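Undergrad: Take a look at this one; I'll ask things after.
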Amino acid sequence: MVTESLWLPRSTCDIYCLPSPDSVPRVGRLRVVARAAAAAAVIAAAAVTLPVIPLLPPAGRARLMSLYARGVLGALGVGHDVRGRLPRRGALIVANHVSWLDVLVLLGSAPSRLLAKREVRSWPVIGSLAAVAGTVFIDRLRPRALPRTVASVSAALRAGGVVAVFPEGTTSCGRTSGRFRPAMFQAAIDAGVPVAPVTLRFRLAGGGDTSIAAFLGEDTLLASLRRVLTIGGLHVTVQVHPALYPVPGVSRRTLARVARSVVHGPPRSWTADGAAAPLELSRAA
């Protein structure tokens with residue numbers, strides 16, 4: 001676990017929150033090898049097209065990155081669906097954070113830019129792809145750089161972009177949740193755009209919720225990837241909740257608090273079409 005601070009929040013979860021591997025459906029070794037090879041092929045294709053991606057218009061880059069994300073998910077055997085309508089223009093998507101798969105699921109569901117920690121920029125291939133896709137990087141060890149990051153997100157939103165963030169700042173197993181950091185909500189307020197709360201729910205083929213894909217504590221990316229490769233019937237549902245429309249004068253802390261209550265609300269409130277009315281926040285909310 002990490003020490004609690006402004007941009008290094010401590011998760012209440014650890015690898016002990018993961019279920020026993022024997023308690024979830026598993027695929028055979030040949031399927032594992034096939035999945036790994038297919039995922040590697042998609043990433044290799046992305047690497048080959050890397051020099052061309054910056055030459056595409058923003059909409060084209062977003063669609064291509066969405067295509068690659070869906071390709072990796074399909075290769076890994078991870079299904080996903082969207083309930084409701086994700087915004088296509090001028091909105092801040094805020095979601096719970098469970099796994100590194102969250103990024104692929106959001107990118108594969110709707111073209112958007114992401115907020116990611118600065119360390120991702122140095123990852124081979126992935127970091128370069130993230131950069132050309134317009135990812136906004138944040139240095140969590142330099143709080144003084146935060147206003148500049150908020151301004152970058154606000155500028156992207158004001159230009160009509162969709163930016164997705166994980167305001168908890170860390171992952172959890174799904175049974176618990178941390179508070180939403182309010183900084184990026186200020187970007188939505190400054191840009192005058194709605195906030196789109198989204199809940200990511202991981203389930204197995206039988207329909208039961210699972211934390212097997214969570215990326216927690218001292219877990220390594222390689223160990224988490226191995227688990228995902230061996231899981232049978234993993235499916236992620238993206239539930240899009242009614243948008244939050246803040247009125248002038250509402251605080252970012254109020255907006256963060258309301259968004260958190262929506263994202264982590266009871267599953268029985270989920271809808272199939274996301275047709276619930278949007279919410280308008282007042283100063284007194």
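The values are calculated or read from the model by the stated rules, or taken from the named source; none is laboratory data. Because the structure is a prediction, the values reported are computed rather than measured. Here Cβ is always computed from backbone atoms with ideal geometry, including for glycine, and neighbour counts include all displayed protein chains.
Undergrad: Within the stretch 29-50, does at least one residue satisfy the condition of being in a strand (DSSP E or B) and not β-branched (Val, Ile, Thr)?
TA: Checking the stretch 29-50: not a single residue is in a strand (DSSP E or B) and not β-branched (Val, Ile, Thr).
Undergrad: Go through Phe137, Phe202 for me and flag whichever is of a type in the set (Phe, Trp, Tyr) and surrounded by 22 or more Cβ atoms within 10 Å (Cβ to Cβ).
TA: That would be Phe202, the only listed residue that is of a type in the set (Phe, Trp, Tyr) and surrounded by 22 or more Cβ atoms within 10 Å (Cβ to Cβ).
Undergrad: Any residue that is farther than 30 Å from Arg89 by Cβ and either of a type outside the set (D, E, K, R) or part of a helix (DSSP H, G or I) (or both) - is there at least one of those in the stretch 188-205?
TA: There is at least one residue in the stretch 188-205 that is farther than 30 Å from Arg89 by Cβ and either of a type outside the set (D, E, K, R) or part of a helix (DSSP H, G or I) (or both).
Undergrad: Could you list, in sequence order, all residues of the stretch 59-77 that are within 15 Å of the chain's Cα centre (by Cα) and among the basic types (Lys, Arg)?
TA: Arg70 - this is the single residue of the stretch 59-77 that is within 15 Å of the chain's Cα centre (by Cα) and among the basic types (Lys, Arg).
Undergrad: Against the definition (under 25 Å from Ser99 (Cβ atoms) and modelled with pLDDT under 95), how does Ser251 come out, yes or no?
TA: The answer is no for Ser251.
Undergrad: Filter the stretch 13-52 for residues that are surrounded by 15 or more Cβ atoms within 10 Å (Cβ to Cβ) and among the β-branched types (Val, Ile, Thr); which is modelled with the lowest pLDDT?
TA: Ile15
Undergrad: Go through the stretch 104-122 residue by residue and tally those that are in contact (Cβ under 8 Å) with a residue 60 or more places away in the chain and either in a helix (DSSP H, G or I) or at positive phi (or both).
TA: 3
Undergrad: Please verify whether the stretch 130-143 includes one or more residues that are outside any strand (DSSP E or B), of a type in the set (Asp, Glu) and within 16 Å of the chain's Cα centre (by Cα).
TA: There is no residue in the stretch 130-143 that is outside any strand (DSSP E or B), of a type in the set (Asp, Glu) and within 16 Å of the chain's Cα centre (by Cα).
Undergrad: Filter the stretch 78-114 down to residues that are small (Gly, Ala, Ser) and under 14 Å from the mean Cα position of the chain (by Cα), then give me how many there are.
TA: Number satisfying all stated conditions: 6.
Rundown of residues vs (1) modelled with pLDDT of 85 or more; (2) part of a helix (DSSP H, G or I); (3) closer than 17 Å to Val153 by Cα; (4) touching a Pro at 6+ places or on another chain (Cβ under 6 Å), yes/no style:
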site: Pro54; (1), (2), (3), (4): yes, yes, no, no
site: Ala59; (1), (2), (3), (4): no, yes, no, no
site: Asp81; (1), (2), (3), (4): yes, no, no, no
site: Leu92; (1), (2), (3), (4): yes, no, yes, no
site: His97; (1), (2), (3), (4): yes, no, no, no
site: Pro124; (1), (2), (3), (4): no, no, no, no
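Undergrad: Give the residue, chosen from Ala164, Ala156, that is at pLDDT 80 or above and part of a helix (DSSP H, G or I).
TA: Ala156
Undergrad: Ok, one more. Could you tell me which numbered condition Leu106 fails, if it satisfies all but one of (1) buried (at least 21 other Cβ atoms within 10 Å of the Cβ); (2) touching a Lys or Arg at 6+ places or on another chain (Cβ under 9 Å)?
TA: (2)
Undergrad: From Thr230, Thr170, which residue is touching a residue at least 40 places away in the same chain (Cβ under 8 Å) and touching a strand residue (DSSP E or B) at 6+ places or on another chain (Cβ under 6 Å)?
TA: After ruling out the rest, the residue left standing is Thr230.
Undergrad: Inspect all residues belonging to the stretch 208-225 and state whether any of them is over 19 Å from Ala40 (Cβ atoms), in contact (Cβ under 8 Å) with a residue 60 or more places away in the chain and assigned to a strand (DSSP E or B).
TA: Scanning the stretch 208-225 turns up no residue that is over 19 Å from Ala40 (Cβ atoms), in contact (Cβ under 8 Å) with a residue 60 or more places away in the chain and assigned to a strand (DSSP E or B).
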